[in-house]
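> One structure follows; several queries about it will come next.
The values are calculated or read from the model by the stated rules, or taken from the named source; none is laboratory data. Just so it is clear, the structure is predicted and the values come from calculations on it, not from any experiment. Because the Cβ atoms are built from the backbone with ideal geometry, glycine has one as well, and the counts that use them run over all protein chains shown.
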Amino acid sequence: MGGDKAPGEIVEGCIDAIKEMQGYDIMLLGDVNAIDRIIKKRKFLSPRLKVLHTSEIITNEDIPTKVIKTKKDSSMVVGLKMLKEKKGDVFISAGNTGALSVGSLFLVGRIKGVDRPALAPAIPTKKGPALLIDAGLNTNPKPLNYEQFAKIGTIYMKEMFDLENPTVGLINIGEEHTKGNEIIKQAYSRLSQANINFIGNIEGREIPNGNADIAVCDGFLGNVLLKFLEGVGIFIYDGLKSVYKRNIFSKISVLLVNKALRSFLKRLDYEEYGGIPILGIDGKVIKCHGSSNSKTVKNAIFRAYKYAKSTLLEQIKEEFKGKEAENIGV
């Protein structure tokens with residue numbers, strides 16, 4: 001029930017996902033009457049799509065730390081509890097990001113040894129998808145957190161994107177190791193000594209070029225970068241479309257480059273990447289964009305299916321096994 005276009009686009013995306021791919025069932029949580037109206041309108045009937053009624057809705061105006069405790073029959077709280085109780089393999093939501101993050105942490109719990117969970121979106125680059133971590137949960141991380149983000153991101157890119165030895169870059173205002181504030185300098189030192197493929201500092205302009213498979217930063221910078229990249233993608237997408245529609249000659253010329261142009265525009269489209277995983281918690285949670293349409297939801301489900309089948313959680317647990325005591329006060 002969360003998101004700017006819920007429940008309509010959410011339900012539509014689920015129906016499309018079931019039609020296009022086998023191998024999973026979907027449980028929709030929310031107002032059963034509203035959901036059923038959409039399903040009937042699509043004239044869709046499948047035992048793979050089930051509905052569980054919840055009576056409350058978490059809005060974007062709700063205070064995350066309070067609403068998780070007060071709206072216990074919301075789709076978000078019910079879904080996270082189902083995930084904790086192993087009644088589902090992965091939970092997807094387009095709702096309140098803060099509430100989902102707080103709920104994931106307190107209802108599902110973090111992996112032992114992981115100090116702070118992180119949002120980790122895949123972003124388009126010249127060389128293929130890269131991981132931006134953190135993108136919104138930790139605005140004031142410690143040097144330890146940067147190291148953990150890099151390690152978690154490395155495991156994620158190996159498992160989900162089949163990269164054998166993904167490169168890790170620390171986002172900074174310059175490439176020199178002396179750049180940045182004291183926290184960033186300490187983070188650089190920790191990353192240099194970690195068992196990862198660390199390539200040093202990277203500047204913002206290097207990210208779209210794909211100079212690093214994993215770009216590590218604090219949540220404030222990451223969130224600004226993510227939304228800026230989304231905006232640039234939309235700007236280029238709309239700009240190219242307007243150019244090719246300008247006159248008869250431009251319309252004819254687009255026919256000559258149509259395939260290549262569509263491929264390029266697809267790489268810029270954040271809807272192709274579906275949702276963003278919250279990594280570091282002891283469960284598989286994917287956050288969809290608040291303005292997600294049916295296409296975004298469908299792609300999030302496809303990504304969730306691969307995520308659910310992966311051994312990602314087990315690998316992260318193994319990496320951080322016995323690390324909790326070591327991280328106290330670091």
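> Does segment 52-81 hold any residues that are surrounded by 14 or more Cβ atoms within 10 Å (Cβ to Cβ), in contact with a strand residue (DSSP E or B) (Cβ under 9 Å, 6 or more places away or on another chain) and farther than 17 Å from GLY3 by Cβ, and which are they?
Residues satisfying the conditions are LEU52, HIS53, ILE68.
> May I ask you to verify whether TYR188 is of a type in the set (Ser, Thr, Tyr) and either surrounded by 19 or more Cβ atoms within 10 Å (Cβ to Cβ) or not in a helix (DSSP H, G or I) (or both)?
yes
> With respect to THR139, is the statement that it is assigned by TED's automatic domain parsing to the domain that holds GLY204 and buried (at least 18 other Cβ atoms within 10 Å of the Cβ) true?
no
> Give the residue, chosen from ILE248, ILE252, ILE301, ILE278, that is modelled with pLDDT of 65 or more, in contact with a Lys or Arg (Cβ under 9 Å, 6 or more places away or on another chain) and of a type in the set (A, V, I, L, M).
Answer to the check: ILE278.
> Turning to a different aspect of this structure: Would you list the helices (runs of 4 or more DSSP H) that sit entirely within segment 1-99 and hold 1 or more residues that are within 24 Å of ALA120 (Cα to Cα), in contact with a Cys (Cβ under 9 Å, 6 or more places away or on another chain) and hydrophobic (A, V, I, L, M, F, W, C)?
Fully inside segment 1-99 and qualifying: 8-20.
> Related question: Check THR139, THR167, THR125, THR154 and return the single one that is closer than 21 Å to LYS321 by Cβ and in contact (Cβ under 8 Å) with a residue 12 or more places away in the chain.
THR154
> Restricting to segment 304-330, and then to whatever is of a type outside the set (Gly, Ala, Ser) and assigned to a loop (DSSP other than H, G, I, E, B), can you tell me which residue is modelled with the lowest pLDDT?
ILE328
> Every residue in segment 171-227 that is without any contact (Cβ under 8 Å) to a residue 12 or more places away in the chain and of a type in the set (D, E, K, R), please.
Of everything in segment 171-227, those that are without any contact (Cβ under 8 Å) to a residue 12 or more places away in the chain and of a type in the set (D, E, K, R) turn out to be GLU182, LYS185, ARG205, LYS227.
> Still on this model: Between GLU147, GLU176, which is more than 30 Å from THR54 (Cβ to Cβ), acidic (Asp, Glu), assigned by TED's automatic domain parsing to the domain that holds VAL224 and in a helix (DSSP H, G or I)?
Being more than 30 Å from THR54 (Cβ to Cβ), acidic (Asp, Glu), assigned by TED's automatic domain parsing to the domain that holds VAL224 and in a helix (DSSP H, G or I) holds for just one of GLU147, GLU176, which is GLU147.
> Would you say ALA215 is assigned to a strand (DSSP E or B) and surrounded by 15 or more Cβ atoms within 10 Å (Cβ to Cβ)?
Considered against the rule, which asks whether it is assigned to a strand (DSSP E or B) and surrounded by 15 or more Cβ atoms within 10 Å (Cβ to Cβ), ALA215 comes out as yes.
> Using the structure shown, decide if THR154 is within 19 Å of the chain's Cα centre (by Cα) and within 19 Å of ASN211 (Cβ to Cβ).
It is true that THR154 is within 19 Å of the chain's Cα centre (by Cα) and within 19 Å of ASN211 (Cβ to Cβ).
> Which condition does LEU226 not pass, out of (1) buried (at least 16 other Cβ atoms within 10 Å of the Cβ); (2) part of a loop (DSSP other than H, G, I, E, B); (3) at pLDDT below 95, if it passes all the others?
Unmet condition: (2).
> Here's something else I'd like to know. Only one of (1) small (Gly, Ala, Ser); (2) at pLDDT 95 or above; (3) under 20 Å from the mean Cα position of the chain (by Cα) fails for SER55. Which number is that?
Going through (1) small (Gly, Ala, Ser); (2) at pLDDT 95 or above; (3) under 20 Å from the mean Cα position of the chain (by Cα) one by one, SER55 breaks only (3).
> Looking for whichever is at positive phi and in contact with a strand residue (DSSP E or B) (Cβ under 9 Å, 6 or more places away or on another chain) here; the options are GLY109, GLY113, GLY88, GLY95. Which one fits?
GLY109
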